[in-house]
Each structure stands twice: as structure tokens, then as C-alpha cells.
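Trainee: There's a structure below that I have some questions on.
The values are calculated or read from the model by the stated rules, or taken from the named source; none is laboratory data. Being a predicted model, the structure only gives us computed values, none of them experimental. Because the Cβ atoms are built from the backbone with ideal geometry, glycine has one as well, and the counts that use them run over all protein chains shown. Just so you know, the surface numbers come from the protein's heavy atoms only, side chains and all, with ligands and any DNA or RNA stripped out. Shrake-Rupley method; radii C 1.70, N 1.55, O 1.52, S 1.80 Å.
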Amino acid sequence: SQSHSKKNINKTIEEALTTMAEVTAAAKADNRRVRCYVSTVFACPYDGPVAPSIVAEIAEKLLASGVDEISLGDTIGAATPKQVFDLISMLDKERHIPLSRLALHFHDTRGTALANVVAGLESGITIFDSSLGGLGGCPYAPGASGNLASEDLVYMLHGMGIKTGIDVEKLVDAGELAQRLLGKKLPGRYLMARLAEREKAVKAIA
């Protein structure tokens, strides 16, 4: 959206695309892979709902400039599974954008992040962003909570029989360390549940 782009990086969408093309050209000259984020693809805290056609146009321009992978971000955590399915289906079937070039980035502001991942999986997306314990957020998206917690995502995927190559117990170890370093509890649901189980087990032994 124009307003979020201006507040976030002080550039219009067109200015951001021009700059991204310059960055991509420099990266490609150095044989680098380029991953680009598109924010507020479902809704903007300033402009409201975002038209899927705008997302498609931006994605097409980024791919044309040489970007390898685009992460589509639900920056304020407003999306619902149907919106996710409809957007990805449109990008795939109408705009013929390769799904292998797309990733999804969900925030859990309204508690729909995991459901949106399932919708993304059903749509053919296999790359999802997440953060340890649900850390993150956006200072230019009022009310937006942190990103989808990595432990929640991995736990769900493993429960669905999807291999990730990630050890969820080590994620919990890292989340526990992050909490100590930050001096606060993190919002990740699986992290909270697993740490409580560990604490109960220790007390039982004692």
C-alpha cells in the first residue's frame, strides 16, 4: 500500500520498485540470490483492504527485475484463510506466477496465522516465514503483534506429517534462552506449553 510504504521506508511503491531493481541488478552482478518482501498484501493500517490486483502487479514487476523469491506479508495479521487461498489462486491461475517463487509471511495479530499457513499449503505454497517465540512486529503497523512463532508452525507441520528438518525441542531451548536474554515471556503458544511441561517434569523429579 502507498501509505505503509511511505511510512515504513519513505518511498512510494514506484520509488521502492525502482530502488529494488537497482539493488537486484547489483546483487545479480555479484552472483547473489535476491529475496524481496511485499508488505500489507491483504490490508493496510492506513489505507484499509488491499486489492489483489495491486499485489499481482508488484510481484510481476519484481520478478521481471530479477528477484528470485517474493515473500508476501500479512503485516497487520488481518488475513483469513479464504483470502489467502483466493490471492494465491489468482496469482497462480490468472497471472501465472510460479508458486515456487512465492513465500508467505504471517503475523498472528488476530489468531489466524496457522490457519492461513494451512490455506497457503493447500494453495501450493511451501515456504513460510516465522520467528522464534513469535518475536517481531512492525512499528509502522499500529496494533500489529509479532510474527507467527516458529515452534507453533513446526509443531503443526509435524502433526500434519510434513517434514521440516527442524528439531522442535531445540527451538524451545532457543526460545527459553531468548526469554532470559530479553527478560520477558514470548507469546509463542507451543513455547509456553512445552516450557510448562518441562517445569512440571522437573518438579516431579524433585
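Trainee: Can you give me the long-range amide H partners of residue 36? Hydrogens built in the peptide plane at 1.01 Å from N, cutoff under 5 Å, separation of 5 or more residues or another chain.
Mentor: Residues meeting the criterion, in which the H sits 1.01 Å from N, are 69, 70, 71.
Trainee: I want to verify a result. In a Gaussian network model of the chain, Cα cutoff 10 Å, which of these has the top mean-square fluctuation: 116, 147, 31?
Mentor: 31
Trainee: Which value, in debye to the nearest 20, describes the size of the charge dipole of segment 112-202 about its Cα centre when Lys and Arg Cβ atoms bear +1, Asp and Glu Cβ atoms bear -1, and nothing else is charged?
Mentor: 240
Trainee: What lysines could a cross-link reach from residue 28, if we take a straight Cα to Cα line under 22 Å and drop same-chain neighbours fewer than 8 places away?
Mentor: 61
Trainee: Right, next: Using a probe radius of 1.4 Å on heavy atoms only, what accessible surface per residue do you get for segment 78-132? Whole Å² is fine.
Mentor: Accessible area per residue: 45 Å².
Trainee: Taking amide H positions as placed 1.01 Å from N in the peptide plane, with prolines and chain starts having none, which residues 5 or more places from residue 136, or on another chain, fall under 5 Å of its amide H?
Mentor: Result for residue 136 returns 147.
Trainee: What net charge do the residues around residue 106 carry, taking every other residue with its C-beta under 15 Å from that of residue 106, with Lys and Arg at +1 and Asp and Glu at -1?
Mentor: -3
Trainee: Which distance in Å, rounded to a whole number, links the C-alpha centroids of segment 144-206 and segment 40-112?
Mentor: 28
Trainee: What does the convex hull of the Cα atoms come to per residue for the chain, in Å³?
Mentor: Expressed per residue, the convex hull around the Cα atoms of the chain is 142 Å³.
Trainee: May I pose another question? In debye, nearest 20: dipole of the chain around its Cα centre with unit charges on the Cβ of K, R (+) and D, E (-)?
Mentor: With only Lys, Arg, Asp and Glu charged at Cβ, the dipole is about 500 debye.
Trainee: Another question about this same structure. Would you calculate a helix-derived [θ] at 222 nm for the chain, using -39,500 (n - 2.57) for each DSSP H run of n ≥ 4 and dividing by the full residue count, to the nearest 500?
Mentor: That calculation yields -15000 deg cm²/dmol at 222 nm.
Trainee: What does DSSP give for segment 65-206 in terms of the percent of beta bridges that are antiparallel, rounded to the nearest 5?
Mentor: Counting only bridges with both partners in segment 65-206, antiparallel ones make up about 10 percent.
Trainee: Taking amide H atoms as placed 1.01 Å from N in the peptide plane, list the residues 5 or more away in sequence, or in a different chain, whose amide H sits under 5 Å from that of residue 97.
Mentor: Result for residue 97 returns 92.
Trainee: With all protein chains present, how much of the accessible area of the chain (probe radius 1.4 Å) comes from carbon and sulfur, to the nearest whole percent?
Mentor: Accessible surface attributable to carbon and sulfur in the chain totals 57 percent.
Trainee: Summing Lys, Arg as +1 and Asp, Glu as -1, what charge do residues with Cβ under 14 Å from the Cβ of residue 66 carry, residue 66 excluded?
Mentor: Counting the neighbours of residue 66, the net charge comes to +1.
Trainee: Right, here's the next one. Taking a ≥ b ≥ c as the square roots of the Cα gyration tensor eigenvalues, with a/c under 1.5 meaning rounded and otherwise prolate when a/b beats b/c, else oblate, which class fits segment 1-109?
Mentor: oblate
Trainee: Pick from 28, 184, 11 the residue whose mean-square fluctuation is largest in a GNM of the chain, springs joining Cα atoms under 10 Å.
Mentor: Its mean-square fluctuation being the largest, the pick is 184.
Trainee: Now a separate question. Starting at the first residue of segment 69-78, write each ³J(HN,Hα) from the Karplus equation 6.51 cos²θ - 1.76 cosθ + 1.60 with θ = phi - 60°, in whole Hz, x for Gly and Pro.
Mentor: 9, 10, 9, 8, x, 8, 4, 9, x, 9
Trainee: Still on this structure, I have one more. Counting Lys +1, Arg +1, Asp -1, Glu -1, what net charge surrounds residue 41 among other residues with beta carbon under 15 Å of its beta carbon?
Mentor: Every neighbour counted, the sum reads -4.
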